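Reading through the structure tokens given below for one structure.
Just so you know, all these numbers are worked out from the coordinates, no wet-lab data involved. Remember, it's a predicted structure, so these values are computed and weren't measured experimentally. Neighbour counts are summed over all protein chains in view; Cβ atoms, including those assigned to glycine, are modelled from backbone coordinates with ideal geometry.
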Amino acid sequence: MSSELTSDYTVVHTKSKAFYERYERKDDLQHQTHFCPGCGHGNIHKMLASAIEELGIKDRTILVGPVGCGVFTYYYFDVGNVSAAHGRAPAVATAMKRSSPEGIVISYQGDGDLSAIGTAEIVHAANRGERITVIFVNNAIYSMTGGQFAPTTLIGQKSTTTPGGRSAATEGYPLHVCEMLATLEAPVYIERVGLGDNKQITQAARAIRRAVENQVRGVGFSLVEVLSPCPTIWKMTPVEAQHWVRDVMEKTFPLGVFRDRTREAQPLPQQKPAPPLEEIPGILGVADADLPEGNAHAMEGSREVDLQVRIAGFGGQGVLLLGEVLAEAGLDAGLEVSWLPSYGPEMRSGTSNCHVRLSRQPIDSPLVAMPDVLVAMNEPSLRKFDASVRPGGWIIYNGEAFPREYERADVHVLARPFTRLADELGDPRASNMVMLGALLGIADVLPQASIDAALRRLVKNPRWVALDERALDRGRKIYKEAHEGVLP
Amino acid sequence: MRKQLMKGNEAIVKSAILAGCRAFYGYPITPASEIAEAAAFYMQRAGGVFLQAESEVAAINMLYGAAGAGVRAMTASSGPGISLMQEGISYMAGAELPCVIADITRGGPGLGNIAAEQGDYHQVVKGGGHGNYRTLVLAPYSVQEMADLTAQAFELADRYRNPVFVLADGFIGQMMEPVAFPQTATAPVEPEWAVTGTAKTRTNLIGSLHLDIDEMEAHLRAMEAKYRHAEQYETRAEEWSADEAEIVLVGYGIVGRILKAVTAEARADGLNVGLLRPITLYPFPTMHFRRLAEHARLFIVVEMSNGQLLEDVRLALNGARPVEFLNRMGGNVPSHHEVLDFVREWARRTGVLRRELPAIAPEEERMANV
């Protein structure tokens, strides 16, 4: 603080302690700001710095600066500083607040930054009720880049990109950010203030302090829009510019409180403390202790395994589950396995298919181009994959009879009405498991214990487990009856 | 460590959390959405933050905030979403903020389709945003590598204070394979440059603005030095029967899997073929190429894109050996028969003769750092 004594009054210069004593991040003139004479940013910076100092939160403050004339907030504010990309400050602030909830996160943005390029970010930060403070400096123009039109430019106002003045027909109408955000449920406090005269300035300081204080209390999203003069770009004297805020700008952007739920808003309940590190593997379900031992011992001494299966059918027939049970059982038996689904819209309608490989050796490609066994749960799947089956391989087909046009002399076929057979067991939806039973009959490589374990891991409903077990048995029997002794 | 069957997209999240990641910001897109879904389920249980952002633009800027707050943070997307994130990635590289981004690629350009493709190579490996920066890129080819390389990505991101990509394709993301995880979770130390709203971090500044041209150049030189260091120490590739190979097949991700099958079959057929699979796409394993070029007569690049990997292979070989090229696009995968026929044809044209070759032992698999 310093003071000058004049003949009849004293001028007191105070500088908030939330400002650096000397602006060392600036390359020269380190005792003054970069702002033009009469610019509103200087005032707004002061108001914000005073609020930070008065609330005793200098150490806790994280100031997220914009792109625009406010970009150099970190020159001046002796707080934690973050410089965001153009318009993205609310997104940056969102994450900083969520990861450092004790921090007081303030987003400082201009009208190009907030109301043009950053529209999505501010709307959604407000709508989520992020517990941050936003200072929105509206001077109705892009100043830093030399005076281009902004969404907040007044009708008729000239800019370098609206040389004839803003026309509603071409550029639309000035964007009313406060009014717009006040339609949302979550914001706690929204006010528009101005720097048009001393009275307005006093109110602006009060509003800014309140918006910061709200965050200290933890109550929710607060935004203050400040109508701010830009004499340089407006081509006015500082005094004219100040009056223009009050006499012209304010008519388009009326001052006032658009939302105030400060009193009734409640801080978030205390977050649960993070679990201790040693609990993390358990939380993720990857702790060895929680994983089954498996039945690899049951495979000791058994022959080489290299099974390649393609399973296909309509979405909803349980194609993927069939493949998953097979792969899970293979893993349980200590084999290398892969399961590769078709994905996307195919899952939701039409056909679905998956590739499954089981092997003693590391699996090179998980794509099964020439399956040993094709499980075709419908006719389109047979049509699509019939020709791909390896000579000497098998086709398990869900149908009363195998369509003649797909007959091949070099493959084995097991065609049965599996859906009807499953229906006889209690539910047609178990047809996938009847077919898996048949497959396990053909490729008899897995211990029963692994199949049981896989089924129990993947099918949670005990009623279904019982049905699926019957279905698997039925499938094995079907294979056995049909091909006893025929197999290599 | 016991193995369990899991999708690549789920393995990424579990590995990330074990590696100390405590913030995930994302936006849904096929075929990467399971990553956000798994993060939504596990992140809060692990004491971290999950948020579905309003766009990929917002998501990457949230990562900027989380990383700025000193938290290990990640996002995941696919081609169109990665395009939108490029702005933020450039800012993060400029501000020297670490993060991990998983790109589970799909078909492009434009809306393309959702089938597995590798057309994001350029935008990810060369850096699709503005300015003088690089992103480190790890390319898993199995679910186990999805887990391992994600953990590695967080280490690299912190070591180099730079965004790191895990570049996979729809297949690797969607498929299930057995995977094992480390049994201990990592607690990263809060970096001293972070801004967390404390007295200790009050003097810190996170940003990428350097108005002074000399200061800007000094910053870029420092970044350049980082990248040179990474090129020297972080390059990874897998060589498989490649040491004495006359024909070296080159491919990453799912293609690397197919090429293993092809390599095994070609060798069984008496052709001296080997595989070089880049695991880091940036830094590119140039030294592996140079070394193998001493014996190899021909390199064959196989990719699911329009010659993007091919360019880097040609740069690495610098004309030392001829390079042939086979690609499929749009979601088609080069079948191993298709590749094998191509290899046989080029073996014939190059005069590579069939001879008795030793079988490949599985343990011959080798991952080398150069």
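Quick notes
- Of the two radii for region A:267-324, the radius of gyration is 1.24 times the Kirkwood radius, both from the alpha carbons; that is the Rg over Rh value.
- Residue-count net charge about A:Trp244 - beta-carbon cut-off 12 Å; Lys, Arg +1, Asp, Glu -1: -1
- Across peptide A:357-368, the average count of Cβ atoms from other chains found within 10 Å of a residue's Cβ is 5.
- Here's how it looks for B:Asn162: its modeled amide H is under 5 Å from those of B:Cys99, which are all 5 or more places away or on a different chain.
- The mean count of C-beta atoms from other chains within 10 Å of the C-beta of residues in B:45-56, rounded to a whole number, is 5.
- Extension gain from B:Ala40 to B:Gln232, taking 0.36 nm per residue of separation minus the Cα-Cα distance: 65.4 nm
- Derived scalar couplings ³J(HN,Hα) [region A:47-56; Karplus, 6.51 cos²θ - 1.76 cosθ + 1.60; whole Hz; x for Gly, Pro]: 4, 5, 4, 4, 4, 5, 5, 4, 7, x
- Global form of region A:303-483, assessed from the alpha-carbon gyration tensor, a/c cut-off 1.5: rounded
- For B:Ile206, nonlocal amide neighbours, meaning residues 5 or more places apart or on other chains whose placed amide H falls under 5 Å from its own, are A:Asn81, A:Val82, A:Ser83.
- Exposure proxy order (Cβ contacts within 10 Å, fewest to most) of A:Arg98, A:Arg404: A:Arg404, A:Arg98
- Largest mean-square fluctuation among B:Asn306, B:Asn272, B:Asn318, in a Gaussian network model of chain B whose springs join Cα atoms under 10 Å apart, belongs to B:Asn318.
- Extension gain, A:Ala182-A:Ala409: 0.36 nm per intervening residue step, less the Cα-Cα distance, totals 74.3 nm.
- Pairwise Cα distances in chain A exceed 31 Å for 60 percent of all pairs.
- Dipole in debye (nearest 20) - region A:323-432, about Cα centre, beta carbon charges: Lys, Arg +1; Asp, Glu -1: 200
- Neighbour cut-off at most 10 other Cβ (10 Å), DSSP loop, GluC sites (Glu not before Pro), region A:263-357: A:Glu264, A:Glu293, A:Glu300, A:Glu304
- Over all Cα atoms in region B:214-370, the spread is summed up by Rg and Dmax: 16.8, 62 Å.
- Scalar couplings 3J(HN,Hα) for region A:353-358, obtained by applying the Karplus form with A = 6.51, B = -1.76, C = 1.60 to θ = phi - 60°, are 8, 9, 9, 10, 10, 10 Hz; x denotes Gly and Pro.
- Annotation note: trypsin sites (Lys or Arg not before Pro) in region A:216-252 located in DSSP loop regions with a Cβ neighbour count of at most 16 within 10 Å are A:Lys235.
- Distance between region B:281-316 and region B:217-248 - C-alpha centres, whole angstrom: 12
- Multiplying each eigenvalue of the alpha-carbon gyration tensor of region A:2-260 by 5 and taking the square root yields semi-axes of 26, 24, 17 Å, largest first, rounded to whole angstroms.
- Within straight-line cross-link reach of A:Lys477, aspartates and glutamates at Cα separation under 20 Å, skipping those fewer than 8 residues along the same chain: A:Glu400, A:Asp423, A:Glu424, A:Asp427, A:Asp444, A:Asp452, A:Asp468, A:Glu469
- P(r), alpha carbons of region B:3-233 - 10 Å bins starting at zero, rounded %: 9, 35, 38, 16, 3, 0
- The H on the amide N of B:Asn113, modeled in the peptide plane, is under 5 Å from the matching H of B:Gly107, B:Gly108, each at least 5 residues off or on a different chain.
- For chain B, size of Cβ-based charge dipole, Lys and Arg +1, Asp and Glu -1, in debye: 360
- Mean per-residue shielding of peptide A:286-293 is 5, counting Cβ atoms of other chains within 10 Å of each Cβ.
- Residues A:Ile132, A:Ile141 arranged by fewest to most Cβ contacts within 10 Å: A:Ile141, A:Ile132
- Annotation: for a label point projected 7 angstrom from Cα along Cα→Cβ of B:Gln183, residues of region A:285-299 with backbone N closer than 19 Å are A:285-296.
- Dividing the summed -39500 (n - 2.57) terms of all DSSP H runs of n ≥ 4 by the residue count of the protein assembly as shown sets its mean residue ellipticity at 222 nm at -11000 deg cm²/dmol.
- Sparse-neighbourhood loop sites, GluC sites (Glu not before Pro) in region B:275-362 - DSSP loop, at most 10 other Cβ within 10 angstrom: B:Glu294, B:Glu356
- Fewest-first sequence of B:Phe154, B:Phe24 by Cβ atoms within 10 Å of each Cβ: B:Phe154, B:Phe24
- Proximal charge balance of B:His337 [Cβ under 14 Å; K/R count +1, D/E count -1]: -3
- Coupling constants for region A:212-229 follow from the phi torsions by the Karplus curve (6.51 cos²θ - 1.76 cosθ + 1.60, θ = phi - 60°), and in residue order they are 6, 4, 4, 6, 4, 6, x, 8, x, 5, 10, 9, 10, 9, 10, 6, 9, x Hz; glycine and proline get x.
- Remark: the protein assembly as shown is approximated by an ellipsoid whose semi-axes, taken from the C-alpha gyration tensor as √(5λ), come to 60, 30, 24 Å, largest first.
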